[in-house]
Amino acid sequence: MGLPRQAKCAKVRKILKDKTTKYGVLALKDGTVFEGKGFGACARTWGEVVFNTGMVGYVESITDPSYHGQILVQTYPLIGNYGVNPDFFESSRPWIKGYAVSEYSDQPSHHTSCLSIDRWLEASRIPAISCLDTRALVKRLRQFGVIPGLLAVSDRPLKLSPLVREASRLPDPNASNLVAEVSSPDIHVYKPGCRKRIVLIDCGTKLAIIRHLTGRGLSVIRVPQNTPAEKVLSFKPDGVVISNGPGNPELCSAVETVSLLLTENLPLLGICLGHQILALAAGARTYKLKFGHRSQNQPCLETGTSRCYLTSQNHGFAVDQESLPSGWKPWLVNANDGTNEGIKHKHRPFFGVQFHPEACPGPTDTTFIFNFFVEQLG
């Protein structure tokens, strides 16, 4: 049998014949191969191949620690046109393993741009591929689910057979504790001296979460993901936030910490992975989604009302709301597929949301979640 191959259009064939270009190959574990033009770093990497349907925000996505262990595919056809601005970083550096787009702009036109996405990824040692049929790739991921893939970029033509063989043996990136690789090993304090202080358990937090908390007059003590409950309580916090992060929530050390914090009466807010960790600590179950939610327009319905919120999301696991123990209730559900988007304790100040209230394609969107949390602090 021949290798499943992307049908090359005339444009791709012309590009690949250009001796000054880089060659790119994305080989999926199921044997599917996509060829295109390489950019970024000449390197080889592997990870879970996932897709994001957002039209903007590629800088934020690339620097989001939740994408650690993943090769990110953008469905929007043109990426890089407004360049790279460090003011939009969600962490200190890019976390994606690789990048796949239909077309990228190497000559950004925005006045705040510091450099092109090509040069940024090259300096960050991240390979990327363009001029491939992202529509066909995403349709495959939606039909069969996200899958590990191998991305290779070189300034010389690449041999496909060895790449396909290597891709067929790729392990599951979610089998390792990715949170331990992205969490800061040190304690950081932001805006000390405020009347109220909260502890942020860093499972791969986005900087926007910290900005929203400090912007509401809170001191934030950011601690590593494996910080024990006794240490968290030693800071005498008024509340605790469990952050977003990558990978399988069942492997996170923070589950044990949060389960002990649930015996206290401290307000607890879980965001994305933190929401899943909160559910596990309460005794519920989580499961892997077929292709996850990674977009800026996921509709979420508030249970018991007709209110619908448009939300930004980036996750591959979800909470099984049927497994919620007594005392807990679903708060929000996804209008598209009915998956859980939020939980609340019926009597105590514990709640979590699967989406990202700090991510605002619109002016405010779901930032009210932070206001609700502050209200619980008393």
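Go through the range 125-141 and give me each residue that's in contact with a Pro (Cβ under 8 Å, 6 or more places away or on another chain) and surrounded by fewer than 18 Cβ atoms within 10 Å (Cβ to Cβ).
Taking the range 125-141 first, the residues in contact with a Pro (Cβ under 8 Å, 6 or more places away or on another chain) are 126, 134.
Within the range 125-141, none qualify.
Is it the case, given these coordinates, that Leu151 is among the aliphatic types (A, V, I, L, M), assigned to a strand (DSSP E or B) and at pLDDT 95 or above?
Details: among the aliphatic types (A, V, I, L, M): yes; assigned to a strand (DSSP E or B): yes; at pLDDT 95 or above: yes.
Judged against the criteria, Leu151 is a match.
Mind checking whether some residue in the range 175-186 is surrounded by 15 or more Cβ atoms within 10 Å (Cβ to Cβ) and in a strand (DSSP E or B)?
No: zero hits.
Look at the range 78-93 and say how many of its residues are in contact with a Lys or Arg (Cβ under 9 Å, 6 or more places away or on another chain) and more than 22 Å from Gln276 (Cα to Cα). If you could, list the steps in order and put the result at the bottom.
So the first thing to find is which residues in the range 78-93 are in contact with a Lys or Arg (Cβ under 9 Å, 6 or more places away or on another chain), and the list is 84, 90-91.
Still in the running and more than 22 Å from Gln276 (Cα to Cα): 84.
Of the residues in that region, 1 qualify.
Name the single residue that is surrounded by the most Cβ atoms within 10 Å (Cβ to Cβ) among those in the range 289-334 being polar (S, T, N, Q) and outside any strand (DSSP E or B). Quick ask: steps written out before the conclusion?
First, the residues of the range 289-334 that are polar (S, T, N, Q): 295-298, 303, 305-306, 311-314, 321, 323, 326, 334.
Add one more test, that the residue is outside any strand (DSSP E or B), and what stays is 303, 305-306, 321, 323, 326.
Values: Thr303: 15, Thr305: 8, Ser306: 6, Gln321: 21, Ser323: 16, Ser326: 7.
Only one residue tops the list, namely Gln321.
Could you check the range 162-174 and list, in sequence order, the residues that are in a helix (DSSP H, G or I) and without any contact (Cβ under 8 Å) to a residue 60 or more places away in the chain? Working first, answer last.
Our first condition is that a residue be in a helix (DSSP H, G or I); within the range 162-174, this holds for 162-168, 173-174.
Hits for the range 162-174 are Pro162, Arg165.
The values are calculated or read from the model by the stated rules, or taken from the named source; none is laboratory data. Quick caveat: nothing in here was measured; it's all calculated off a predicted structure. Here Cβ is always computed from backbone atoms with ideal geometry, including for glycine, and neighbour counts include all displayed protein chains.
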